[in-house]
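The values are calculated or read from the model by the stated rules, or taken from the named source; none is laboratory data. Model, not experiment: these values are computed from the prediction. FYI the Cβ positions are ideal-geometry reconstructions off the backbone, even for glycines, and counts take in every protein chain you see. To get the accessible areas, we keep the full protein, side chains included, count just its heavy atoms, and leave off ligands, DNA and RNA. Shrake-Rupley method; radii C 1.70, N 1.55, O 1.52, S 1.80 Å.
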Amino acid sequence: MAGRPGRAPKISFYGVSYGNVIGTVYRSMLDRRVDRMWLDSVMPPVMDLSAMDGSIDAVAEKGFGRFVTWPAQHDAEYHFGTTADAGA
């Protein structure tokens with residue numbers, strides 16, 4: 001394909017995370033220039049970074065409680081305290 005004069009070569013694209021947005025926009029604008037495309041993450045149809053960050057923060061907050069419980073259960077080894085709120 002690269003040898004045909006006057007024609008742009010087709011691309012193959014692998015998109016992860018924000019690469020999905022780039023791939024989706026590229027394909028919507030230049031579909032005939034795409035050979036293969038693999039989008040390996042889910043992105044919302046509307047890019048609202050504050051909403052995305054908010055959901056990430058909520059998951060992190062929920063997981064943090066489990067995280068601080070583990071060293072509290074292993075205080076003899078790590079000496080961070082015996083309760084999850086010992087460091088608060």
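Summarising the label geometry, the points placed 7 Å from Cα in the beta-carbon direction at Phe67 and Ala51 lie 2.6 nm from one another. From the coordinates of this entry, log10 I(q)/I(0) by the Debye sum over Cα atoms at q = 0.14, 0.23 Å⁻¹ is computed, and it appears in (i) -0.69, -1.05; (ii) -0.44, -1.25; (iii) -0.52, -1.15 under the label (i). With the charge dipole of the chain set up from +1 on Lys and Arg Cβ and -1 on Asp and Glu Cβ about the Cα centre, the Cα lying farthest toward the positive end among the listed residues Met37, Ile22, Gly65 is that of Met37. How much FRET efficiency would the formula 1/(1 + (r/R0)^6) give for Tyr18 and Ala58, where r is the Cβ-Cβ distance and R0 is 25 Å, rounded to 0.05? Computed FRET efficiency for Tyr18 and Ala58: 0.80.
What the range 4-88 shows is 82 Å² of accessible area per residue, with the surface traced by a 1.4 Å probe over protein heavy atoms. Expressed as a whole percent, the accessible surface of the chain that belongs to carbon and sulfur atoms is 60, based on a 1.4 Å probe. If you place +1 on the Cβ of every Lys and Arg, -1 on the Cβ of every Asp and Glu, and leave all else neutral, what size is the dipole of the range 23-82 about its Cα centre, to the nearest 20 Debye? Computed charge dipole of the range 23-82: roughly 400 debye. Using a Förster radius of 41 Å, what is the FRET efficiency between Trp38 and His74 based on their Cβ-Cβ separation? Nearest 0.05, please. Result of the calculation: an efficiency of 0.50.
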